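Written below as structure tokens is the structure these notes are about.
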Amino acid sequence: MKNNIKTLANGLRIAVDEIKTVETVCIAVFVDTGSRNEIKANNGISHFLEHMAFKGTKTRNAQQIAQDFDDIGGRINAYTSREKTVYYVKVLKKDAKFATEFLADILQNSTFEKEELEKEREVILQEIAMTNDTPDDIIFDYFQETAFPKQAVGRSILGPISNIKKFQRDDLQNYIDQQYNNGNIAVVASGNIVESEFIKYVENSFTNLAKNKIKKPESGQYQGGVFKKQKKLEQTNLVLGFEGVSYLDKDYYKCQILSSILGGGMSSRLFQEVRENRGLAYSIYAFNYANSDSGAFAIYSATSPNKVNELIEVTLGELEKITKKITDVELKRAKAQLSAGILMAAESINNRSQKLGGDVLSYGRIKSYKEIEDEILTTEKADLLKLANRIFSSKTTFSAIGDIKNVKAPAAI
């Protein structure tokens, strides 16, 4: 992967990862905007806009968009996060020019026809209903809002139903005009494509984006707290968290190692103690949710209502232990797991294109796989112990949904 970002005269950034041993190419447009760029009144509009991108342009209706990609055997999709909106395609190498022009078309020329808007509104409302009916999904929205209360970064990506019901064409177009411009977009490609040719495709296609200055989102301030919701479920779903690290923090990869040791696989401490030794839960895992300026380190699990407090107590016990001792075997195993995962992901052009676009927006440069691996392999036990004490001494965030009548929210360890 080249450590090379080209910036066009209009400010649009391009990065290419040439791989001649494959027959396909993944092309992606990364927009540096997501739900944390919204205000309360338009929360959910980034995700709504992403849905509408495939519903018709000045030259194609929704059916033609679907048919165009089926005709060439291509794949197209998109997603919205709190900080980014991404549109991406995978096609045969001969169709790279068409795919680039297509992505430019949906970003610059979407029409947001009323009929299509109303249909997609219903789709999104169904998506929200599905999420609300899925406790091991909605619990993370409750957790995020509790960890970052009354902040854009703490709000749901899908947005509230009241907002979804009111969005109109002008709202979507105004948001594009405000947030979609050359300065906060990266167009990347990974696979069998020539860099010079791809740059020409982009230069010729992306010609109608705004040039206004993007307003920086409010900073994320982790605060913590408790959220409990009574709901008739067989299990009580829990997320216990602390202040984590951002993906720009020098300890970001150390945090990945720590979460792996604690709850990253079948050999992790939490899996062994909670599931294997005590049979308290089917699933338990740890993760660090990272933003550009903040983060939250959390543990998720679910268990029967009469086992919840025991599960919490055992989890807190494991957190206390990891602040005091980490073994050489655990460190070696966690490093191997993370290194292997990174190298395995590098064999997929889909994953490589996602990394490429993420690096451009997040770091302003391309991180090599060797650089990441070196950061992992040079981590020492002392680094992890220091980090564990830093994280687990912060204020707790606790969210629970299910039978929570007798649930005791944990204090700091």
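The values are calculated or read from the model by the stated rules, or taken from the named source; none is laboratory data. Not measured: the values here are computed from a predicted model. We place every Cβ from the backbone using ideal geometry, glycine too, and count neighbours over all the protein chains shown. Calculation scope for accessible area: heavy atoms of the full protein, side chains included, ligands and nucleic acids excluded. Shrake-Rupley method; radii C 1.70, N 1.55, O 1.52, S 1.80 Å.
Please identify every one of the trypsin sites (Lys or Arg not before Pro) in region 260-319 that sits in a loop by DSSP and has no more than 16 other beta carbons within 10 Å of its own beta carbon.
Of the trypsin sites (Lys or Arg not before Pro), the ones in loops of region 260-319 whose Cβ has at most 16 other Cβ atoms within 10 Å are Arg278.
In percent, how large is the relative contact order of region 275-329, given Cα pairs closer than 8 Å and 6 or more residues apart?
Reported as a whole number, the value is 25 percent.
Filter the GluC sites (Glu not before Pro) in region 276-348 down to the DSSP loop ones having no more than 10 other Cβ atoms within 10 Å, then list what survives.
Glu347
Quick one: angle between helix 169-179 and the longest Cα principal axis of the chain, in degrees between 0 and 90, rounded to 10, please.
So the inclination is approximately 80 degrees.
Excluding Gly244 itself, what net charge comes from residues whose Cβ is under 11 Å from its Cβ, given Lys and Arg +1 and Asp and Glu -1?
-2
Tell me, what is the per residue accessible area of the chain in Å², probe radius 1.4 Å?
That works out to 46 Å² per residue.
Quote the relative contact order of region 33-192 in percent (integer), defining contacts as alpha-carbon pairs under 8 Å separated by 6+ residues.
The normalised contact order for region 33-192 reaches 33 percent.
Restricting to DSSP H runs of at least four residues, report the calculated mean residue ellipticity at 222 nm for the chain, -39500 (n - 2.57) per run over all residues, nearest 500 deg cm²/dmol.
About -13000 deg cm²/dmol.
Of all DSSP beta bridges located in the chain, what percent are antiparallel, nearest 5?
Taking every DSSP beta bridge within the chain, about 80 percent pair in antiparallel fashion.
Aspartates and glutamates near Lys395 by alpha-carbon distance under 16 Å, same-chain residues fewer than 8 away left out - which ones?
Of all the aspartates and glutamates, those that pass the test against Lys395 - Cα under 16 Å, at least 8 places apart if same chain - are Glu145, Glu243, Glu320.
Can you list the aspartates and glutamates whose alpha carbon is less than 19 Å from that of Lys58, not counting same-chain residues fewer than 8 positions off?
Candidates past the 8-residue exclusion: Glu50, Asp68, Glu101, Asp105, Glu113, Glu115, Glu116, Glu118, Glu120, Asp170, Asp171, Asp177.
Just in region 358-404: which GluC sites (Glu not before Pro) are loop by DSSP and have at most 16 other Cβ atoms within 10 Å?
Numbers: sites: Glu371, Glu373, Glu375, Glu380; in loops: Glu380.
Of the GluC sites (Glu not before Pro), the ones in loops of region 358-404 whose Cβ has at most 16 other Cβ atoms within 10 Å are Glu380.
Around Val31, what is the net charge, scoring Lys/Arg as +1 and Asp/Glu as -1 over all other residues with Cβ under 12 Å from its Cβ?
Overall, the nearby charge balance is -1.
What percent do you get for the relative contact order of the chain when only Cα pairs under 8 Å and 6+ apart count? Could you put the intermediate results ahead of the total?
On the way: 780 pairs, mean separation 93.3, N = 413.
Value for the chain: 23 percent.
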